[in-house]
Amino acid sequence: MILRHHHLRQTFLVFLATAPLLAADSLDDTFHNPPPDARPRVMWMWMGSNVSKPGITQDLEALKEAGFGGAMMFALSDICTPWACTIGKSPTPGLVAFTDPWWKMVRHAAEESQRLGLDFGMGNCPGYETSGGPWITPELSMQEIVWSQTAVKGPVHVGRKLERAKVDPRANQMFPFFNPATGVLEKPIVKERQSFYRDIAVLALPAAGNVAKDQVIDLSKSMGADGELQWQVPEGEWIIYRFGYTTKGKLVQPAQWEAQGLECDKMNKEAVVFHLNHVLADVRKHLGDLVGKSFTNLHFDSYEAGVPSWTPRMREEFNTRRGYDLVPWLPVKAKRVIGSDAESKKFENDFSSTISDLYRDVYYPTLKKMLNEAGLDLSSEPYGGPWKIEEVVPQLDRVLTEFWTSGDQFKPYGGRGLLERAAWASGKRIIEAEAFTGKPEISRWNETPASLKRDGDSSFIAGVNRQMLHQFAQQPWGDTYKPGVTMGQWGTHFTQNQTWWQPGKAWVSYLARCQALLQWGGIVVPGKVADFKSGSPQLRAIHRRGPEGDVYFLANQSMDPVKARCEFAVSGRQPELWNPVTGTSRDLTEFENNAAGMSIPLEFAPAESCFIVFRKPAAAPRARANFSAIVPVSEVTGPWQVRFDPAWGGPDQPVVFDSLVDWTLRPEAGVRYFSGTAVYSQTFEFAGALSGGRLALDLGTVRHLARVRINGRDLGVVWTAPWRVDVPDGLLRPGANELVIEVTNVWANRLIGDEQEPDDCLWTPGPRGNGRFLKEFPDWLVNRKPRPSKRRLTFTTWNYFTKDSPLTPSGLTGPVRIMRHDWTPRP
């Protein structure tokens, strides 16, 4: 099939002003030694008071050793369901976010980040959205218009006190939360919604029908401070509206109950300044000498605070921006029609535009100015709110988008949207992403690097070039209790307590290599970069260009192998294939120059990706295929000695596998429910020829990662297709060869295995299903005593499973074969 690179003749370049110009050999070094900016980060969730200094140190040391570049910390409740919940009997009680003892923990994290050379930032308030806290008063909180109405019939003189609006005392917010006062999932009563009130205007208009603007009578000056109105009512039936405003009662979420507070008014500069001054005062007090060094940014997450309808200067701002007074049009908010339907709709649109303008002109500029003056970057996920993304992105120092794991129902990430385009246009070199946010139906201790690869590659294709993994929960007790603390039901589980943390470092290296090249140079933005579609198989691409040449990232977004002839608008330069999984590169020998540029046959394993690099003069094409045929030479058959770790329920002695089978099909409970790393060993006779082409070891089916050693030599970790490693020349020898394969699976099976045993924890059902969360920390954990249920091996704060939950297929099922590369050109 021929898969063409569309519209490359109409491309235009966005050369980023902040991107360094690299020397001639720098591209190699960028790929093989990714700089700190290219290393992935994590969203580091501090869950309630369950935080410790030793745990902070262990977390950060694990991140550094694994190849991460930093962490963004959020102060959350004990559990997110997604609403804030508590776990009783915390072993580390009394630590409340944004109080002095908590800031001392932040200080420790910043000091450790500096020691380790990690970038450290944090959310700007308790919870992950949006901006506020207990320090925000009703006057400075998000506001909404309210009104009362009084019917009168004239002619008559009215001398009466107008009632204030009757307001639902519950918070006007998108989501409920577990109310600590009632223990019920609900929108809480916020008493300030009844105690705080300010007048806007008093208006009278005919009681029914459409009303001409000049029929609206402003009675504001006729009402006293006590609400007493004096008015001579004209003949007819009238309605008197008393318009005012009160707090929305919107609370930050999902924060500890003790740290709950009102959201600040984003359209009121005084409120935004007050909020940031409060936070920055603590930053200066506790982190002053680390600001701009290890502590670099405050983050404003995706917006979930809803749309306010008022701010104290709304009348003046509206008049300035729209050119007319909003007061006569206020009855439109009470579902009255002023003038015509079209005129009333225009007012509503003008009102919404004014809100959008104020977020653009007040909220974000105030944040940026204050943070930059304090030596910090403004980081934000600028979507979900009442503004235009393209107007906000240029104001940010760090731009984040987000993507969720998709599981088997993969759909390419819908990037190349407003955020990416705005970031490119405004010269942002790095576009970050809250990466792999997981729903509990998909991410339940069964995630693997291979299962995440398509989603991650899809984000790269869309323009993301630094992933911030969601989520890494702070582990206050280190690896004493595994898997340990979680964010509740949410997120993909990335901590040093993951079964595959150690072999998964190979995946972290993959991310860093990809991000290094995807930050290099400048983006080339054509009308359509590429779609590479032909039926089910899909190839997608993104293109960058710098002084050293052109770099294309191509990814197979299907789970089928793909062969394609791809065309690139490049001529006279040598195509190279750089493999970000292995960190290797090689020249491609089979290509054709044509009028469009260059045509190259390429092959991809399921979900495989690569870089095609053009940076040096082209050599003459050679009679050698770009990709070898992999020819079986021999199969490594049983029996296998397989050692399972007894500490995680494995048998005390190695188990003999006469053939390679799924662990969950074995009769031994210690194998069937095993989670962790099992070591397969085998001594095999190699009878094939040791010359005549490069050899490879193909592992067949692996669930889920494997480290391979032949004759004592470490050949690395296999974590994705094509599930094989090359065997260096001379490593295999005639006769006996020793093969060791360390296979690591996921936590799900051991967690299900523990459900076969008596429980020694108390649980609360999740409000949306998907399992249950810890009601209280058990006494045996709090007091560091042996647990009562002796054969339970795992501990975590969210339980997705029952004893009947299906097990996750695990282990090496092969076939394991010695293969030979055949580079003979194919027709």
Q: Amide H neighbours of SER558 under 5 Å, at least 5 residues apart or on other chains, H built in the peptide plane: list them.
A: GLN538, ALA607
Q) Gap in Å between the Cα centre of region 628-642 and the Cα centre of region 698-770? A) 18 Å
Q: Using only Cα atoms, locate the centre of region 238-276 and the centre of region 97-113, then give the distance between them in Å, rounded to an integer.
A: 28 Å
Q: Enter the accessible area of HIS543 (Å², nearest 10), with the probe set to 1.4 Å and all protein chains included.
A: 0 Å²
Q | Counting DSSP beta bridges with both ends in the chain, the antiparallel % (nearest 5) | A | 75 percent
Q.
Using a Förster radius of 56 Å, what is the FRET efficiency between ASP479 and LYS191 based on their Cβ-Cβ separation? Nearest 0.05, please.
A. 0.80
Q) Going through region 692-732, which trypsin sites (Lys or Arg not before Pro) have at most 14 other Cβ atoms within 10 Å and a DSSP loop state? A) ARG694
Q) Cα gyration tensor of region 190-307, axes a ≥ b ≥ c as square roots of the eigenvalues: rounded (a/c below 1.5), prolate (a/b > b/c) or oblate? A) prolate
Q | 5 angstrom amide H check on LYS775, placed H, neighbours 5+ away | A | LEU762, TRP763, THR764
Q. Let a ≥ b ≥ c be the square roots of the eigenvalues of the Cα gyration tensor of region 124-236; is it rounded (a/c under 1.5), or, if not, prolate (a/b larger than b/c) or oblate?
A. prolate
Q) Between ARG784 and SER352, what is the spin-label point distance in nm, taking each point 7 Å from the Cα along the Cα→C-beta axis? A) 5.9 nm
Q: With θ set to phi - 60°, apply the Karplus curve 6.51 cos²θ - 1.76 cosθ + 1.60 along region 92-98 and write out the HN-Hα couplings as whole Hz, x wherever there is a Gly or Pro.
A: 10, x, x, 8, 10, 4, 6
**Q.** Listed residues GLY183, PRO621, GLY385: farthest to the positive end of the dipole of the chain (Cβ charges)
**A.** PRO621
Q | Exposure rank, largest accessible area first [ARG792, ARG624, ARG454; 1.4 Å] | A | ARG624, ARG454, ARG792
Q.
Run the numbers for ALA647 and ASP587: contour at 0.36 nm per residue of separation, minus the present Cα-Cα distance, in nm.
A. 16.9 nm
Q.
Counting each pair of different Cα atoms once, what's the Kirkwood radius of region 583-676 in Å, rounded to one decimal?
A. 18.4 Å
**Q.** Solvent-accessible area, 1.4 Å probe, carbon plus sulfur percent, for region 723-798
**A.** 48 percent
Q.
List the pairs from LYS250/LYS293; LYS345/LYS439; LYS411/LYS505; LYS285/LYS368 whose alpha-carbon separation is above 29 Å, in the order I gave them.
A. LYS250/LYS293; LYS345/LYS439
Q: For SER571 and ILE630, compute 0.36 nm times the residue count separating them, minus their Cα-Cα distance, and round to one decimal in nm.
A: 18.2 nm
Q) Hey, any idea what the orientation-averaged projected area of the convex hull of the chain's Cα atoms comes to, in nm²? A) 39.8 nm²
Q. What residues qualify as long-range amide H neighbours of VAL146, i.e. H under 5 Å apart, gap of 5 or more or another chain, H built at 1.01 Å from N?
A. GLY244, TYR245, THR246
Q) Suppose R0 equals 45 Å; then what is the FRET efficiency for ASN594 and GLU390 from their Cβ-Cβ distance, rounded to the nearest 0.05? A) 0.75
Q. According to a simple spin-label model (label point 7 Å from Cα along Cα-to-Cβ), what is the distance in nm between GLN215 and GLU228?
A. 3.2 nm
Q: May I ask you to derive the relative contact order of the chain, considering only C-alpha pairs under 8 Å and at least 6 residues apart, and to give it as an integer percent?
A: 14 percent
Q.
Restricting to DSSP H runs of at least four residues, report the calculated mean residue ellipticity at 222 nm for the chain, -39500 (n - 2.57) per run over all residues, nearest 500 deg cm²/dmol.
A. -5500 deg cm²/dmol
Q: Determine, from the Cβ-Cβ distance of TRP103 and VAL337 and an R0 of 45 Å, the FRET efficiency 1/(1 + (r/R0)^6), rounded to the nearest 0.05.
A: 0.25
Q.
Taking a virtual spin label 7 Å from the Cα of ARG791 along the C-beta vector, which residues in region 664-687 bring their backbone nitrogen under 14 Å of it?
A. 668-674
Q: At 25 °C and 0.890 mPa s, grab the translational diffusion coefficient of region 638-726 from Stokes-Einstein with a Kirkwood Rh over Cα pairs, rounded to a whole number in µm² per second.
A: 168 µm²/s
Q: Calculate, for the chain, the solvent-accessible area per residue in square angstrom, rolling a 1.4 angstrom probe over the heavy atoms of the protein chains.
A: 38 Å²
Q.
Please compute the modelled spin-label separation between ASP759 and ALA687, points set 7 Å along Cα→Cβ, answer in nm with one decimal.
A. 5.7 nm
Q: Any chance you could run the full-extension gain for LYS293 through LYS53? It's 0.36 nm times the residue separation minus the Cα-Cα distance, nm to one decimal.
A: 84.4 nm
(Q) Applying a 10 Å radius around every beta-carbon, put 312-323, 356-367 in order of their mean neighbour count, most first. (A) 356-367, 312-323
Q) For the charge dipole of region 195-333, defined by +1 on Lys and Arg C-beta atoms and -1 on Asp and Glu C-beta atoms about the Cα centroid, which residue among ALA225, MET267, TRP329 has the Cα displaced farthest towards the positive pole? A) MET267
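The values are calculated or read from the model by the stated rules, or taken from the named source; none is laboratory data. This is a predicted model, so every value here is computed, not measured. Backbone-built Cβ (ideal geometry, glycine too); neighbour counts: all protein chains shown. Calculation scope for accessible area: heavy atoms of the full protein, side chains included, ligands and nucleic acids excluded. Shrake-Rupley method; radii C 1.70, N 1.55, O 1.52, S 1.80 Å.
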